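Novice: One structure, as structure tokens, below. Some questions next.
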Amino acid sequence: MKNQYNQPIGEPICDWTTRKKPTKRKMEGRYCYLECLTPEKHVEDLYAVYGPESAVENWTYLPLEKFEDQATFAAYLESASQSKDPLHYAIIDKTTEKALGTLALMRINQEQGTMEVGFVIYSDQLKKTRIATEAQYLAASYAMDELGYRRYEWKCDALNEPSKKAALRLGFVFEGVFRQALVYKGRNRDTAWFSIIDSEWPEVKRKLESWLDPENFTEDGKQKKSLRMF
């Protein structure tokens with residue numbers, strides 16, 4: 001498309017309005033639900049995820065270090081629960097009603113319709129499970145379907161191979177690397193950027209829902225088809 005000066009320009013967006021901010025609402029799925037952090041409710045469960053028993057290697061690419069005492073963690077959780085951006089959620093296993101990890105909706109730009117999922121911190125029990133995938137599905141669906149955002153982002157250290165693989169598996173598109181984007185933990189971070197845009201979301205959503213369908217799993221919980229097969 002070109003303007004009157006024969007210059008290429010972007011496609012027009014008709015009737016665009018500022019999007020609403022995400023709220024502390026519950027997001028419920030088949031295997032889990034997301035609810036905003038409540039220190040008195042989640043401190044015990046999440047201390048097992050964030051505390052001294054967590055593996056040291058889990059924290060290499062995170063902006064935090066694991067917490068060595070529960071009082072310090074409780075203070076962090078209280079602060080995080082009051083934040084509006086990032087807006088932190090606990091991931092709750094519907095079978096056990098235990099919090100197994102957290103994620104956050106962040107860098108929320110209502111005017112442009114963009115937001116990022118971050119602070120993805122999982123217990124070892126949660127990693128590579130249906131609940132982990134469904135938690136990401138619920139957050140993305142809330143952003144794209146309910147709130148009508150145009151762009152949903154995932155960012156990570158460019159050296160964090162597990163995070164990059166997770167983003168691609170979930171349907172995010174790799175966009176490139178911002179070199180020397182951050183200094184954290186006394187070292188450089190090149191940041192890998194991924195996104196899902198609104199035109200891509202319906203197909204990404206279909207694949208995630210197909211993979212999460214109970215018919216895709218054996219009685220002992222093993223997948224019949226991988227997500228990439230849908």
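The values are calculated or read from the model by the stated rules, or taken from the named source; none is laboratory data. As the structure is a computational prediction, the values presented were derived from the model and not from experiment. Cβ coordinates were reconstructed from backbone atoms using ideal geometry, including for glycine residues, and neighbour counts include every protein chain displayed.
Novice: What's the number of the condition Leu159 fails, among (1) touching a residue at least 40 places away in the same chain (Cβ under 8 Å); (2) within 23 Å of Asp93 (Cα to Cα); (3) in a loop (DSSP other than H, G, I, E, B)?
Specialist: Checking Leu159 against (1) touching a residue at least 40 places away in the same chain (Cβ under 8 Å); (2) within 23 Å of Asp93 (Cα to Cα); (3) in a loop (DSSP other than H, G, I, E, B), the one that fails is (2).
Novice: For the stretch 52-67: of the residues being within 23 Å of Ile108 (Cβ to Cβ) and touching a residue at least 60 places away in the same chain (Cβ under 8 Å), which is surrounded by the fewest Cβ atoms within 10 Å (Cβ to Cβ)?
Specialist: Across the stretch 52-67, the extreme among qualifying residues is Pro63.
Novice: Filter the stretch 68-87 for residues that are farther than 19 Å from Gly118 by Cα and exposed (fewer than 14 other Cβ atoms within 10 Å of the Cβ); which is nearest to the chain's Cα centre (by Cα)?
Specialist: In this case the residue turns out to be Ala75.
Novice: Residues that are at pLDDT 95 or above, at negative phi, among the basic types (Lys, Arg) and in a loop (DSSP other than H, G, I, E, B): does the stretch 138-153 have at least one?
Specialist: Residues of the stretch 138-153 at pLDDT 95 or above: 138-153.
Those left that are additionally at negative phi: 138-147, 149-153.
Those still in the list that are among the basic types (Lys, Arg) too: 150-151.
Those left that are additionally in a loop (DSSP other than H, G, I, E, B): 150.
Checked the stretch 138-153: at least one residue is at pLDDT 95 or above, at negative phi, among the basic types (Lys, Arg) and in a loop (DSSP other than H, G, I, E, B).
Novice: Test Lys205 against the criterion of being assigned to a helix (DSSP H, G or I), surrounded by 13 or more Cβ atoms within 10 Å (Cβ to Cβ) and in contact (Cβ under 8 Å) with a residue 60 or more places away in the chain, and give yes or no. Reasoning before the result, please.
Specialist: Details: assigned to a helix (DSSP H, G or I): yes; surrounded by 13 or more Cβ atoms within 10 Å (Cβ to Cβ): yes; in contact (Cβ under 8 Å) with a residue 60 or more places away in the chain: yes.
Judged against the criteria, Lys205 is a match.
Novice: State yes or no: is Thr72 outside any strand (DSSP E or B), closer than 16 Å to Lys41 by Cβ and free of Cβ contacts under 8 Å to residues at least 24 places away in the same chain? Please lay out each step first, then the result.
Specialist: Details: outside any strand (DSSP E or B): yes; closer than 16 Å to Lys41 by Cβ: no; free of Cβ contacts under 8 Å to residues at least 24 places away in the same chain: yes.
No, not satisfied.
Novice: Does the stretch 72-82 include one or more residues that are farther than 30 Å from Trp16 by Cα, touching a Phe, Trp or Tyr at 6+ places or on another chain (Cβ under 7 Å) and hydrophobic (A, V, I, L, M, F, W, C)?
Specialist: yes
Novice: Exactly one of (1) charged (D, E, K, R); (2) assigned to a strand (DSSP E or B); (3) surrounded by fewer than 15 Cβ atoms within 10 Å (Cβ to Cβ) is unmet by Asp124. Its number?
Specialist: Asp124 satisfies all of (1) charged (D, E, K, R); (2) assigned to a strand (DSSP E or B); (3) surrounded by fewer than 15 Cβ atoms within 10 Å (Cβ to Cβ) except (2).
Novice: Do we have any residue at all in the stretch 113-120 that's small (Gly, Ala, Ser), surrounded by fewer than 20 Cβ atoms within 10 Å (Cβ to Cβ) and more than 16 Å from Pro39 (Cβ to Cβ)?
Specialist: Applying the first criterion (small (Gly, Ala, Ser)) to the stretch 113-120 yields 113, 118.
Pick out the ones that are also surrounded by fewer than 20 Cβ atoms within 10 Å (Cβ to Cβ) and you get 118.
Of the ones still in play, those that are also more than 16 Å from Pro39 (Cβ to Cβ) are 118.
Within the stretch 113-120 (the criterion being small (Gly, Ala, Ser), surrounded by fewer than 20 Cβ atoms within 10 Å (Cβ to Cβ) and more than 16 Å from Pro39 (Cβ to Cβ)), the answer is yes, since at least one residue qualifies.
Novice: Just need a number here: residues in the stretch 31-51 that are in a loop (DSSP other than H, G, I, E, B) and loosely packed, with under 13 Cβ neighbours inside 10 Å.
Specialist: 0
Novice: Also, quick follow-up: Which one is surrounded by the most Cβ atoms within 10 Å (Cβ to Cβ), of the residues in the stretch 162-182 that are in a loop (DSSP other than H, G, I, E, B) and either on the phi < 0 side of the Ramachandran plot or without any contact (Cβ under 8 Å) to a residue 12 or more places away in the chain (or both)?
Specialist: Just the residues of the stretch 162-182 that are in a loop (DSSP other than H, G, I, E, B), to begin with: 170-172.
Next, from what is left, pick out any that are either on the phi < 0 side of the Ramachandran plot or without any contact (Cβ under 8 Å) to a residue 12 or more places away in the chain (or both): 170, 172.
On the way: Leu170: 20, Phe172: 23.
Here the residue is Phe172.
Novice: Have a look at Arg169, Arg189, Arg130, Arg228 and point out the one that is among the charged types (D, E, K, R), modelled with pLDDT of 95 or more and over 26 Å from Lys98 (Cβ atoms).
Specialist: On the way: Arg169 fails: over 26 Å from Lys98 (Cβ atoms); Arg130 fails: over 26 Å from Lys98 (Cβ atoms); Arg228 fails: modelled with pLDDT of 95 or more.
Step by step, each of Arg169, Arg189, Arg130, Arg228 is checked, and only Arg189 is among the charged types (D, E, K, R), modelled with pLDDT of 95 or more and over 26 Å from Lys98 (Cβ atoms).
Novice: Continuing with the same structure: Right, Ser226: under 25 Å from Leu147 (Cα atoms) and among the hydroxyl-bearing types (Ser, Thr, Tyr) or not?
Specialist: Working: under 25 Å from Leu147 (Cα atoms): no; among the hydroxyl-bearing types (Ser, Thr, Tyr): yes.
Against the criterion (under 25 Å from Leu147 (Cα atoms) and among the hydroxyl-bearing types (Ser, Thr, Tyr)), Ser226 does not qualify.
Novice: Under 8 Å between Cβ atoms, which residue pairs at least 6 apart in sequence (or on different chains) link something in the stretch 211-230 that is under 14 Å from Lys128 (Cα atoms) with a partner that is surrounded by 14 or more Cβ atoms within 10 Å (Cβ to Cβ) and of a type in the set (Val, Ile, Thr)?
Specialist: Trp211/Thr133; Leu212/Thr133; Leu227/Thr133
Novice: Same structure again: Criterion first (in contact with a Phe, Trp or Tyr (Cβ under 8 Å, 6 or more places away or on another chain) and among the small types (Gly, Ala, Ser)) does Gly51 satisfy it? Reasoning before the result, please.
Specialist: Numbers: in contact with a Phe, Trp or Tyr (Cβ under 8 Å, 6 or more places away or on another chain): yes; among the small types (Gly, Ala, Ser): yes.
The answer is yes for Gly51.
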